[in-house]
Structures are given as structure tokens and as C-alpha cells.
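The values are calculated or read from the model by the stated rules, or taken from the named source; none is laboratory data. Predicted, not measured: the structure shown is a model, and the values here were computed from it. Cβ placement follows ideal geometry from the backbone for every residue including glycine, while neighbour counts extend to all protein chains displayed. Calculation scope for accessible area: heavy atoms of the full protein, side chains included, ligands and nucleic acids excluded. Shrake-Rupley method; radii C 1.70, N 1.55, O 1.52, S 1.80 Å.
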Amino acid sequence: MATAIEGDAPVDAGEAFRAKVRDWLAANFPPSLKGKDNGMSAVEGPSEPTPDEDAWRKAMGETGWGVPTWPKEYGGGGLSRAESRILQEEMTRAGASNPIGGMGVMMFGPTLLEYGSEEQKREHIPPIARAEIRWCQGYSEPGAGSDLASLQCFAEDRGDHYLVNGQKTWTSGGQWADKCFMLVRTDRTKKHEGITFLLCDMDSPGVEVKPIRLISGSSPFCETFFTDVKVPKTNRVGQEGEGWTIGKRLLQHERSSLSGGSGAGRMFAGTPLSQIAKQYVGVDGEGRIADADLRGRIVRHEMDMRAFMLTLRRASQEAKSNQGPSAATSIMKNVGARIMQERSELLIEIRGLAGLGWEGEGFGDEELRDVRTWLFGKAVSIYGGSSEIQNNVIAKRILGMLDHQ
Amino acid sequence: MAVLTEEQTMLRDMAREWADNESPVTAFRRMRDAAPATYYDPAAWEAQAAMGWAGILVPEAQGGVGMGYLSLGMVLEQLGRTLTATPLAATASATSALLLGGSEKQQAEWLPRIAAGEVIATLAIDEGPRFDPATIATKVEGGRLTGTKLFVAEGDSAQLFVVAASDGLYLVSGDEGVTRSPRKLTDSRSHAELRFDGAPAQKLEGGDDLLTQVADRATAAACAEMLGMAEAAFAQTNDYLKTRVQFGQALSSFQALQHRMAKMFTELELMRSVVEAALEAIDSGRANVSQEVSLAKALANETLHLVSREMVQLHGGIGMTDEHDAGFYLKRARILEAMWGNASWHRERFARLGGF
């Protein structure tokens, strides 16, 4: 059933651009990287890049095609949406993945393009477009998770700079980041209006990171401590007290990237569960997965996944034709999280104890990898606004349900 | 909502407006309470035919508008919202059989009359209470059909039957050799038992595969009606929660209820995607129509089941009363869930087609 998963039909216009992209890829994309895409790089941290990877990143950075629709003047590709789709189609055809990514691309860049000053855009956007600078997110605090506006990390006005004191947590990739975009409190008397958006160098004196070890064994998140950290006022985005509005806009970018089509496509691109199940559980006399109950649950999962992919396709078609986001986008994060977690749980169950290996001999690479994915995947219904928070958003913003009086 | 052509958008808006203004749920209530029972609303059917809906699948050359299944689905969805009781879905499903398997002569004889709304047609497949197209005992010998069909939708009023026999589909028209016995189900619609006793029958081309294709189209049409019902049941429930006050608060402000509504909204969005995808798959003649249809019906069944049950629960006592509309949605929902295969039947078929 390829139709459920395939994207839209190729764009007819722009054949000249397509030819240009093809030529460019032939000249610049190293064939050794064909089909290689480390979807877990955010979790595993930066690896030592091969010369081919370096060359590919540099080439993409120079054209700005890693961030194809960002303005050319700040190092983006300056492409139209149609051109950007052609680029994506041709990269997929060539087996090329985009080496420019991370939080700078997904969240911070689009937000700064909207709210930053001209100087800030000129300073910060080009290094993101070339993947020279890694950004991390200083939002959550130990006492401010889903209730983010309760944050306490304080920035005191000291004339030409702010003096920042406090703690952030769940700082993804904090130990590898060069810079941090953060929400701080500049006024303790107002909840939402007392928040300001700052950009902080991670090597500033007084910044300390402590990786948090997760149930999956990896440590992609940190606790980050700020003790008398000086942040120049030129590093404030927007006005003092405007941080909540800017910060929320950034969260929208975060959500749409978390539930976006390409990530979902990658998530489900592996071997079908039914095939894995036949291998581990065996088949009955009619060629069906031998465990009838498990088979039933695999069917349900498969149907859910198809429905999700069809909804992604519908939402993107609707967004294009009605000049705005479709109501369906509001459900994507929860559905995507549910399906991904369910797939992991089913994989564990299908394989029995072989699906629960931690390390060492006796387990296949996929078995070990899927255990980590299962454990790390528990985060997807928690980060970027937990499923409960998403449900609140659906109820209040989409369904117009009321606040508790 | 699927991306529609200008023509489809106009059709959908017209259907929505007509259903809201001319055929609200009060019209269904009147039909239900009418004596003698009609099991459908003849005036509404006449109006639909005048708007061209009876011929929505029929090619223009034969007096229809030739718009396809997504368009049919748009209309049925709007009618589902207000529980409009007309034989549109049954007639369109039987029309599918004529379009796919009818000879030129058969098409010329029936399609113009169907498009004009002069003929109500329907499918007669099941011989038991559960959808089971694999078990058919009805036989045809020498052009005469003999067998019994249970729960035939619009069986009380149809003049043309597309009947499944052991060797394929047949057209049976008129009342020669046909005995009708009404079967009153909870939804107050028409579901007759039909006894064929040597009824004159004409074979349609296509054999077993034709039955599958026709049943898939009937199933997709049912899914569209279910989508409209689920949408309306959900919207009415959401409106009610905003007005009903308990413990000094609007029910709408309670998080436990908000999350239930958000869950239903999520399932509804997924349902819409799969139902529209199934209709589109039929229109574009994709090879995987059966799998798309099974996906749609399985999700449609579960979602409408959930939403109709929650409609009663969240309305509390008022939802239990006959005076309120919630019961209408609940009762019709269970009928459509059982017709054309329940969720597990379709999951099983989906799995088989997918090689599980």
C-alpha cells in the first residue's frame, strides 16, 4: 500500500531547477554517504565526522540548502516552497540526508528570523545555516516543566548586561552546545509578562552543565547551572518582558518539527512489524502470525500508522490549499508519540527476552538498538509539551472548551 | 477535509446547507413517529433527486452528474450529520454494481431512471445477521433466482435489487417472485427480509470479484455517513458541555472531560483521513481499494462507537431520554457498525491483504 506513505506527486514546474539540483548533487554529494542518516544523532551527540561528511556539510552550508527557505542574505537557500520540495525530492532520490540540523535549524532560527534585530540575524543565522554553531534550549527548570511560565531563573538588570542566576534542566545537548537560547525572569511580580528571551554563550564564566543519565543509558540531557553569568543586553531578543510570546512561538516550531512528516517517515521506514513477528513467533498453517492476539495488536498498530500517515498527507495538502495550518496538525504530536511508543513495545514483546538485551554478546544490533529506542522513546510523550498538555491545547484552542473558573 | 475541486466544494456546501435547513434531526424524528411507518422520508428523497444526488455516480450521458465517490461521500457525510433518512446510500451502492458489471442494455435501462430518482435500488447480499459475502446459498437456475436475504437496506421500497447468488451478482426487478417482510431495527430505517422464489434475474458481468468491488463501494459510502454522524455527535456533545453547569462550573472546564474530548477529536481526525482516502482510492482506481476500505471501516466503526457512547454518557440523564437526539445517533451507529463488516472483520481482511 505505497499510496498511504508516498508524498505528493512531484511538482511539474521548475524542471530547470530540478536539473540544476541534480547536477549539483552529482558534483557534491559523496556517494559513500548514500542512504546514511543518523536519526539518533541528537541523542548520541556529535560523532567524529569523516572527511566525506565534512565535505558534504560544507557544500550544503555554502549553498544554504540545508535551510532551503531561509533568506539568502542570512546564509539560507532563498528557495520557494516549490523549489524546496524539488530539492527534497532530488535528495531523497540520491539517498542524501540533510547534514544541517539541530535546534538552531528547527526552532531557534525561524524564531530569530521573526523576532530578532537585524544585527542579531546577521550574527546568528549564518553560522546555523552552515552548521558551525550548536544551540541548546534553556527553557525547563526543576519547578517549571509543563507549567513553564513558573520559571524562576533570574536575570538582573546591570546596565549594559544582565546577571543571570538559577538553574535549567532537560537542556538537550547542553554539554555539546556553543550557545543557549533561554527564557529568564526579569520581573518577579508578573507571571507571563515578567519573562525575557536571552542568548547566552555556553562558555561564559558561571555556566556549568551536568549530564543527566536516562533510563536508556544515554545522557543527551543536562542540568545547567547559572551563577552570576553575564549576558550582554545586545543578546536580548525582543523587549524585556516579551519573552513569553517569543518563547511560545518557538515552541510551535518545536512541535511542528517533532511531528513533521520526514521524521515520521523515518520512524516507520524500517522492516514491517508483521515480518519481524513471523520470524520470531512463527506462522500458523495458513501463513498467519502464530500468536493470534499479538497478530491482532500488530494489525491495529499498522492501521493506526497508516491513518497517521494519511493524516499527515491530508494536513499538508490542506495547509497548502487553505493558506493556513489544518486543524489536523494539532493531533499529530500525540498520535505520532503513541504510535512510536506502541511500535517499540510491540517489538519488545515480539522478540521475548531477546528483545530486552542491554549489551554484550548474544544479541543482534537491531535488538540492542530497539531496546534503547524503546526506553528513549518514552520521552516523546513528555517532551515538547506532554500528551496531557497537548490535550489541554486541543480542548481549549481547537474545541473552545473553557478554563476552570 | 480532502482538497476538493470547486465543483465538489459547491456540492458539499449545498448538501450541508440543505441538511441543516431542510432536513434537521427533527425531520428524522417526524419520520420515525409517522404512522403508517415509511422507513424513509419520501419528500427528502424527492428533493435529493431534484438536486441531482440520485445520479451522482451516473455518467452525464445517462442523465447523471458523474462526479464519483468522494463527491458521493461528501453528500452522505452531510446527511449523516442530521440523520437524514433517504435511500441515497443504498441506491448509489446498487448503481456501483450497474456501472461495474452492467451491460450497455442494462445500464441504459436503469441508470437514467435511477438518476431521475424514479427508481430506488439496493444491494441484497447477506443471508444471516452478520456480513458474510463468502457464504451465499442463493441460486439461479434458468434465469430464476431463489433464496432469502436478511436485513436488506431500503428493502421495503426498492424496485431494483442487486442480489448476490453463489455464482455472482444478479439484477432482480419488480415484485414477481419477491416477498418482502419488514424487519424493525433500532434505527427506525428500512431493513427488510426478502424471499426470492424463482424471481426473474439478469446476471451482471464480473463474478466474485464484482461482489467484492461493489461491497467495497457500499462500505465506503457507509463510512462517509458514519463520519458525518460522528462529527455531529461530537459537536453536539461539545456544545452541551459548555452550557451544562455542575458544582458551580461549566462541565466544559473540567480537565477530565477535556481530555476525553481531545481523545475523541484525535480519533475523528484520523477517521476523516482514512475515510476520505478510501473514497479517493476508489475514484482513482487504485489497486489497493480493498485494503483502504477495510482500514476506513475498522476505524470508522471504532470511532463512531466511541463518540456515540460518549455522547450519551456526557449528556448524563438527558442523553437517556427519547426526547433528546443522542439515542438516535447511538442506535443508527450500531446498525452501520454491523453492516458491511464489523471492525474485527475488517482488521482480519486488512491483515490478510497485507500478508500478516
**Report entry** Filter result (farther than 14 Å from A:ARG130 by Cα and either of a type in the set (Val, Ile, Thr) or in a helix (DSSP H, G or I) (or both)) within region A:70-89
**Finding:** A:ARG81, A:ALA82, A:GLU83, A:SER84, A:ARG85, A:ILE86, A:LEU87, A:GLN88, A:GLU89
Query raised in the report: In region B:206-239, what count of residues is obtained for those that are surrounded by fewer than 22 Cβ atoms within 10 Å (Cβ to Cβ) and in contact with a Lys or Arg (Cβ under 9 Å, 6 or more places away or on another chain)?
Result: 2
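Before we move on, is B:ARG309 out of contact with any strand residue (DSSP E or B) (no Cβ under 7 Å at 6 or more places or on another chain), surrounded by fewer than 24 Cβ atoms within 10 Å (Cβ to Cβ), basic (Lys, Arg) and closer than 22 Å to B:PRO133 by Cβ? I'd like the intermediate steps shown before the answer.
Details: out of contact with any strand residue (DSSP E or B) (no Cβ under 7 Å at 6 or more places or on another chain): yes; surrounded by fewer than 24 Cβ atoms within 10 Å (Cβ to Cβ): yes; basic (Lys, Arg): yes; closer than 22 Å to B:PRO133 by Cβ: no.
No; evaluated as a whole, the condition is false for this residue.
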Query raised in the report: Filtering region A:353-371 down to residues that are open to solvent by 70 Å² or more (accessible area, probe 1.4 Å) and touching a residue at least 12 places away in the same chain (Cβ under 8 Å), which residue is farthest from the other protein chains (Cβ to nearest Cβ)?
Result: A:TRP358
Requested in this report: Name the one entry in B:SER294, B:SER290 that is under 15 Å from B:GLY341 (Cα atoms) and either within 9 Å of another protein chain (Cβ to nearest Cβ) or of a type in the set (Phe, Trp, Tyr) (or both).
Outcome: B:SER294
Query raised in the report: Yes or no: B:LEU227 in contact with a strand residue (DSSP E or B) (Cβ under 9 Å, 6 or more places away or on another chain) and among the hydrophobic types (A, V, I, L, M, F, W, C)?
Result: no
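Can you give me the number of residues within region B:168-189 that are of a type in the set (Asp, Glu) and open to solvent by 70 Å² or more (accessible area, probe 1.4 Å)? Show your work before the answer.
Quick first cut of region B:168-189, residues of a type in the set (Asp, Glu) only: B:175-176, B:187.
Narrowing further to those that are open to solvent by 70 Å² or more (accessible area, probe 1.4 Å): B:175-176.
Matching residues across region B:168-189 total 2.
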Requested in this report: Among the residues of region B:264-287, count how many are open to solvent by 30 Å² or more (accessible area, probe 1.4 Å) and either more than 28 Å from A:LYS333 (Cα to Cα) or at the interface with another protein chain (Cβ under 7 Å from one of its Cβ atoms) (or both).
Outcome: 5
Query raised in the report: For B:ALA34, are the conditions met, namely being away from chain A (no Cβ under 14 Å), open to solvent by less than 70 Å² (accessible area, probe 1.4 Å) and either charged (D, E, K, R) or without any contact (Cβ under 8 Å) to a residue 40 or more places away in the chain (or both)?
Result: yes
Query raised in the report: From the list B:GLN246, B:GLN291, B:GLN255, which one is farther than 19 Å from B:ARG332 by Cα, touching a Phe, Trp or Tyr at 6+ places or on another chain (Cβ under 7 Å) and open to solvent by 10 Å² or more (accessible area, probe 1.4 Å)?
Result: B:GLN291
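So in region B:1-31, with the set limited to residues that are among the basic types (Lys, Arg) and crowded, with 18+ Cβ neighbours inside 10 Å, which one is nearest to the other protein chains (Cβ to nearest Cβ)?
In this case the residue turns out to be B:ARG12.
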Query raised in the report: Do the conditions hold for A:LEU310, that is, is it aliphatic (A, V, I, L, M) and more than 7 Å from chain B (Cβ to nearest Cβ)?
Result: no
Query - Matching residues, region B:194-205, being buried (at least 22 other Cβ atoms within 10 Å of the Cβ) and under 17 Å from B:ASP126 (Cα atoms) - result: B:LEU194, B:PHE196
Query raised in the report: If a residue has to be farther than 17 Å from A:ALA27 by Cα, touching a Lys or Arg at 6+ places or on another chain (Cβ under 9 Å) and not in a loop (DSSP other than H, G, I, E, B) to count, how many in region A:90-107 make the cut?
Result: 2
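Given the condition over 19 Å from B:ALA300 (Cβ atoms) and of a type outside the set (Val, Ile, Thr), answer yes or no: does some residue in region B:263-283 qualify?
Scanning region B:263-283, I find no residue that is over 19 Å from B:ALA300 (Cβ atoms) and of a type outside the set (Val, Ile, Thr), so the answer is no.
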Requested in this report: Would you check if A:GLU302 is open to solvent by 30 Å² or more (accessible area, probe 1.4 Å) and either within 10 Å of chain B (Cβ to nearest Cβ) or modelled with pLDDT of 95 or more (or both)?
Outcome: no
**Report entry** Residue match in region B:339-349 (condition: aliphatic (A, V, I, L, M), open to solvent by less than 10 Å² (accessible area, probe 1.4 Å), closer than 28 Å to A:MET332 by Cβ and within 14 Å of chain A (Cβ to nearest Cβ))
**Finding:** no
Requested in this report: Please tell me if A:SER326 is at the interface with chain B (Cβ under 9 Å from one of its Cβ atoms), free of Cβ contacts under 8 Å to residues at least 60 places away in the same chain, of a type outside the set (A, V, I, L, M) and open to solvent by less than 50 Å² (accessible area, probe 1.4 Å).
Outcome: yes
Requested in this report: Identify all residues within region A:272-316 that are free of Cβ contacts under 8 Å to residues at least 24 places away in the same chain, more than 18 Å from B:SER344 (Cβ to Cβ) and not in a helix (DSSP H, G or I); write none if there are none.
Outcome: A:GLY282, A:VAL283, A:GLY285, A:GLY287, A:ALA290
Report task. Please give the number of the condition A:ALA379 fails out of (1) more than 14 Å from every other protein chain (Cβ to nearest Cβ); (2) more than 30 Å from A:GLY282 (Cβ to Cβ); (3) open to solvent by 70 Å² or more (accessible area, probe 1.4 Å). Result -> (3)
Query raised in the report: Which one of A:ILE350, A:ILE394 is buried (at least 18 other Cβ atoms within 10 Å of the Cβ), touching a residue at least 40 places away in the same chain (Cβ under 8 Å) and closer than 30 Å to B:HIS259 by Cα?
Result: A:ILE394
Query raised in the report: Is it the case that some residue within region B:104-122 is among the aliphatic types (A, V, I, L, M) and open to solvent by 30 Å² or more (accessible area, probe 1.4 Å)?
Result: yes
Query raised in the report: Taking region B:128-158 only, how many residues are open to solvent by 30 Å² or more (accessible area, probe 1.4 Å), in contact with a Gly (Cβ under 7 Å, 6 or more places away or on another chain) and not hydrophobic (A, V, I, L, M, F, W, C)?
Result: 3
